[in-house]
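Derivation of every value follows stated rules applied to the coordinates shown; laboratory data play no part. Quick caveat: nothing in here was measured; it's all calculated off a predicted structure. Please note: Cβ atoms are built from the backbone with ideal geometry, for glycine as well, and neighbour counts cover all protein chains shown.
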Amino acid sequence: MSIVVAGEALIDLAPRDGLLLPLPGGSPYNVAVGLGRLGARTHYLGGLSTDAFGDLMAERLLAEQVDLEFSPRLDAPTTLAVVHLDEHGRASYGFYLEATSAAALTTGDLPALPDGAALHVSLGAIGLAHEPAGHCLGRLLADARGQRVTSLDPNVRPVVFDQAGGVAAYAARMDEVVAGVDLVKVSDEDLLTLHADDTDPLEVARRWAAGGPALVVVTRGPDGATAVRAGRPDVEVPGEDVEVVDTVGAGDAFTAGLLAWLDEHDRLTRPALDALDDEAIAAALRFARRVAAITCTRAGADPPRRDQLPG
């Protein structure tokens, strides 16, 4: 099966030896690269600039065997993100977004997707309320409902709340969209950001699972990951102890690992997701955990290749 990954591509200006090093990034871009390295048939859907940074990002995707048929080249400049790393290597971001290539995708740029292809949407600086690109991503998910398996990473960034008119409005919109997708991968931090009144992010995940998705996978940083399903026990795997260089792209690497495992095992359909037993879910989480752990041992979003992982 092929997987279409939709959302923003941008340049991360990452700190290196007192300078800012330009690195291709963006959550969906990283997921597409990760899937390509893991051997999945992957298409990237998102606007790429015609400038030099856009050329750099397109060349990297092609080098990782990611198809660019659904990636329009736009005259707007490339979107930029300035990366800040704290003393533990955890990343936060500031964005140069307006009138840039990632933000300029319109519904007129949306293609007819291949029959049977899975759709994954990663959000980020482009949130669901952003006009026009965020509306395009929401439209993609809505049109795909019931037609193909859909996956979502909310990947919450504070900038999206200004686009939506506040946290509560954005959280309500996210709840609506989640109800229409088949698979959600979300961090515990994102769940608590969206629903700060809840002290347990897994309770939010259980509400989401009860509303529609077959599986809600909650990543918990160094503490591992938990898969939540409606009316069934949670499945949990612990974290993996590695020497962390930084966490840039680790969540995206986990997403790529999860989707790649499901694809390898012919589980990227709604009936197959519904039928996953505890053992299969744990195996998928362990594989995704390993992909993310290796990424944490490297500088920047540099996920492993398939031959660097267990069979």
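Can you list residues whose amide H is under 5 Å from V217's amide H, if they're 5+ apart or on another chain and H is modeled 1.01 Å from N?
V184, K185, V186, V228
Over all pairs of distinct alpha carbons, what does the Kirkwood formula give as the hydrodynamic radius of segment 91-135, in Å?
Taking every pair of different Cα atoms in segment 91-135, averaging 1/r and inverting gives 12.2 Å.
Please report, in whole Å, how far the alpha carbons of the chain spread along each principal axis, starting with the longest.
If we take the Cα atoms of the chain, the spans are 49, 42, 39 Å.
Measuring from label point to label point, each 7 Å out along Cα→Cβ, what is the V245 to T106 span in nm?
A separation of 4.1 nm, rounded to one decimal place.
Looking at the chain as a GNM with Cα springs under 10 Å, which of E87, E59, E279 has the largest mean-square fluctuation?
Highest fluctuation of the listed residues: E87.
Where does the chain land at 222 nm, in deg cm²/dmol rounded to the nearest 500, when only DSSP H runs of n ≥ 4 count, each adding -39500 (n - 2.57), divided by all residues?
Result for the chain: -10500 deg cm²/dmol, rounded to the nearest 500.
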